[in-house]
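All remarks here apply to the structure that follows.
None of the figures in this text is laboratory data; all of them are computed from the coordinates on show. Quick caveat: nothing in here was measured; it's all calculated off a predicted structure. For neighbour counting, all protein chains shown are included, and Cβ atoms are generated from backbone atoms with ideal geometry for every residue, glycine included.
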There are 2 protein chains.
Amino acid sequence: MYGLIGKMRAQPGQREALIAILLEGTKAMPGCLGYVIAKDKLDADALWITETWDSQASHKASLALPPVQAAIAKGRPLIAGFGERFETEPVGGHGLAKPR
Amino acid sequence: MYGLIGKMRAQPGQREALIAILLEGTKAMPGCLGYVIAKDKLDADALWITETWDSQASHKASLALPPVQAAIAKGRPLIAGFGERFETEPVGGHGLAKPR
């Protein structure tokens, strides 16, 4: 498995709008076992995304999917910047989707 | 929802053993919608846990569950320390379990 944990900062007041775009654009990504979007409790403009993939190749391929491309295009103006980013190798746990 | 993203460092060489204990001890936690364990790619002794709960109360209650207590007791000697810890409010995404 391949994983990413990353922080994104929305333009002031745009976090909800950015989240809506991300939720919409990431619904159907082959090889995606988990994609959890969470608001940072301390920073009103920040959010965290924890991604779990069956492989790094699936993650890379997802970036070319039309809904993901659309989300990137729509979301980009709402993004102020990126924070921490951790690359991981997920090993399991609870709540991961079955591979499709 | 309530979430935590946290880094844990195992004693040298003990990451696999610690992961096995965590996987075993966290299988059945009421209100837990996601519990993803992932190895850090850069630090051979570090791991990340991304937790998603239906409520902060469920997270708190989980710490008193016998299997979780057993995992804490067994795992504690294998833990060298804790790193970053981010408290979140998950909003959705893909791969979360149904509440139970």
* Asked: Can you list, shortest first and in nm, the gaps between the label point of B:Pro66 and those of its counterparts in the other copies, using a point 7 Å from Cα in the C-beta direction?
  -> 5.5
* Structure fact -> With T = 4 °C, eta = 1.567 mPa s and Kirkwood Rh from C-alpha pairs, the Stokes-Einstein D of chain A in µm²/s is about 94 µm²/s
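Once the convex hull of the C-alpha atoms of the protein assembly as shown is built, how many Å³ does it hold per residue, rounded to a whole number?
Expressed per residue, the convex hull around the Cα atoms of the protein assembly as shown is 108 Å³.
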* So which chymotrypsin sites (Phe, Trp or Tyr not before Pro) in segment A:1-61 are both in a DSSP loop and have at most 12 other Cβ atoms within 10 Å of their Cβ? -> none
* Can you put A:Lys98, B:Lys60 in order, fewest other beta carbons within 10 Å first? -> A:Lys98, B:Lys60
* Structure fact -> Treating only Lys and Arg (+1) and Asp and Glu (-1) as charged, each at its beta carbon, one finds that the protein assembly as shown has a dipole about its Cα centre, in Debye to the nearest 20, of 260 debye
* Asked: Tell me which A residue has its C-beta closest to the axis rotating A onto B, and the distance in Å?
  -> A:Thr50, 2
* Structure fact -> Helix B:15-25: inclination vs chain B longest Cα principal axis, degrees, rounded to 10, gives 30 degrees
* Structure fact -> Looking only at aspartates and glutamates whose Cα falls under 20 Å of A:Lys39's and that sit 8 or more positions away or on another chain, we get A:Glu16, A:Glu24, A:Glu51, A:Glu84, A:Glu87, B:Glu51, B:Asp54, B:Glu84, B:Glu87, B:Glu89
* **Pair B:Glu16, B:Lys74: separation of 7 Å Cα→Cβ label points (nm)** => 1.6 nm
* From the cross-link list A:Lys7/A:Lys74; A:Lys98/B:Lys60; B:Lys41/B:Lys74; A:Lys27/B:Lys98, which pairs have alpha carbons spaced over 20 Å apart? -> A:Lys98/B:Lys60; B:Lys41/B:Lys74
